[in-house]
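Colleague: Pasting a structure here, questions to come.
The values are calculated or read from the model by the stated rules, or taken from the named source; none is laboratory data. Bear in mind the structure is a predicted one, so any value in this text is a computation, not a measurement. In this analysis, Cβ positions are derived from the backbone assuming ideal geometry, glycine residues included, and neighbour counts consider all displayed protein chains. These area figures cover heavy atoms from the full protein model, side chains too; ligands, DNA and RNA do not enter into them. Shrake-Rupley method; radii C 1.70, N 1.55, O 1.52, S 1.80 Å.
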Amino acid sequence: MDLKLKLEQLHQRVNGLKEQIQTEEATKTAFVMPFIQILGYDIFNPTEVIPEFIADIGTKKGEKVDFVIKKDNEPIFIIECKSWRENADAHNSQLHRYYHVSKARFGVLTNGIVYNFYTDLEKPNIMDEKPFFTINLDDIKDNSIKVLESFTKSGYNLESILDSAEALKYIKAIRKEFEKEIENPSDEIVKLLVNRFFERPLTANRMIAFKEYTKRALSLSISESISSRLKSALVINDNIETEKTISPTTTIDQNNEISKVTTTEEELEAFQIVKAILREKIPSDRIAYRDTQSYFGILLDDNNRKPICRFHFGTSRKLIELFNNGKDFGEKINLDSLDQIYNHRSALHQTIENYG
């Protein structure tokens, strides 16, 4: 079953039961253990999910972590639980102590609804004060599902998580600050923006006025951006529905083993164009491709963590996905012809430079 669907079902369970759940222990049993099970770990296997794990700290004996999760007999993350009535952000000092004496790279603090994931980006073996990732069952987002998949038993990938942890942490922090500025613009942001076009001194009265103008301008800009994206999405959806209507139905004999991935001449031609562009920067043998059912990907050093670009060649349109803003921030752009790939030379060069 899809991970998002399982989490939504757990959310319904939490909402239905929480008023009857009065203790921390009940929260662990009713909410947290099903969450661990959704991630694919066997809660009935004491070598994989260890409850009440002893984590003695110096002379302080008898300290226990609520759960230690192991994979291949190695601890991968620890979980400290609080009652669902408590704020999951307010109790990380206890988890901080446990993390210091554990061998796990990740710590999770939860009240059964909000799950905060921590690691040691700032100092080795010392848990950061702020989580790098949070998932809230009351507000499940698709991008959170993608990150959580890296913590499942089948999808656990330490390198992949660590690669994206720093970006997740600081993007979250920047976004939080940005949201504060939208709600109540600071003097610094007002001066930064206004001084670019207003040449007279900013008096106290003008600062009050410009703060309100800045708040309205930021809100208006975001609203218009959302509206524009919704209109684009509706146009794309209409095109897809039209394609479904006019496309002939193809019957496939499911008893035959037919490969679902077919590399086309057009995809190979696109690969050769990218290769020609990048030979200005790196040897051609460092450029590889991998074809999948959903896209044709071009990689640096044949490494999935170093995507250069991807091509999405549908029946009615062609897209190039660029990663010059980071491997987690792909941007899809329409191509009217393969020759337009050359228009993205600088973005492709920047992607290579980002990987060092």
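Colleague: Scan (1) open to solvent by less than 100 Å² (accessible area, probe 1.4 Å); (2) assigned to a helix (DSSP H, G or I) for the single condition Lys180 breaks and write down its number.
Modeller: Every condition holds for Lys180 apart from (1).
Colleague: Would you be able to say whether some residue in region 172-186 is touching a residue at least 12 places away in the same chain (Cβ under 8 Å), within 21 Å of Asn87 (Cα to Cα) and in contact with a Ser or Thr (Cβ under 9 Å, 6 or more places away or on another chain)?
Modeller: Step one: filter region 172-186 for residues touching a residue at least 12 places away in the same chain (Cβ under 8 Å), giving 172-173, 181-185.
From what's left, within 21 Å of Asn87 (Cα to Cα): 172-173.
If we keep only those that are in contact with a Ser or Thr (Cβ under 9 Å, 6 or more places away or on another chain) too, we end up with 172.
Scanning region 172-186, I find at least one residue that is touching a residue at least 12 places away in the same chain (Cβ under 8 Å), within 21 Å of Asn87 (Cα to Cα) and in contact with a Ser or Thr (Cβ under 9 Å, 6 or more places away or on another chain), so the answer is yes.
Colleague: Got at least one residue in region 307-327 being part of a strand (DSSP E or B), basic (Lys, Arg) and farther than 29 Å from Glu166 by Cβ?
Modeller: Residues of region 307-327 part of a strand (DSSP E or B): 307-313, 318-322.
Then keep just the ones that are basic (Lys, Arg); that gives 310, 318.
Now restrict to residues that are farther than 29 Å from Glu166 by Cβ: 318.
Within region 307-327, one or more residues are part of a strand (DSSP E or B), basic (Lys, Arg) and farther than 29 Å from Glu166 by Cβ.
Colleague: When you go through (1) surrounded by 12 or more Cβ atoms within 10 Å (Cβ to Cβ); (2) closer than 23 Å to Glu159 by Cα; (3) among the polar types (S, T, N, Q); (4) modelled with pLDDT under 90 one by one for Thr263, which number turns out not to apply?
Modeller: So Thr263 meets the others, but not (2).
Colleague: Where in region 57-125 are there strands (runs of 3 or more DSSP E), lying fully within it, with 3 or more residues that are within 20 Å of Asn45 (Cα to Cα) and at pLDDT below 90? Full working, then the answer.
Modeller: On the way: elements: 64-71, 74-81, 106-110, 114-118.
In region 57-125, the matching strands (runs of 3 or more DSSP E) lie at 64-71, 74-81.
Colleague: Go through Tyr118, Tyr170 for me and flag whichever is aromatic (Phe, Trp, Tyr) and open to solvent by less than 50 Å² (accessible area, probe 1.4 Å). Steps first, answer last, please.
Modeller: Numbers: Tyr170 fails: open to solvent by less than 50 Å² (accessible area, probe 1.4 Å).
That would be Tyr118, the only listed residue that is aromatic (Phe, Trp, Tyr) and open to solvent by less than 50 Å² (accessible area, probe 1.4 Å).
Colleague: Select from region 139-166 the residues that are within 14 Å of Asn304 (Cα to Cα) and in a helix (DSSP H, G or I) and list them in ascending order.
Modeller: Of all residues in region 139-166, those within 14 Å of Asn304 (Cα to Cα) come to 157, 159-161, 163-164.
Glu159, Ser160, Ile161, Asp163, Ser164 - these are the residues of region 139-166 that are within 14 Å of Asn304 (Cα to Cα) and in a helix (DSSP H, G or I).
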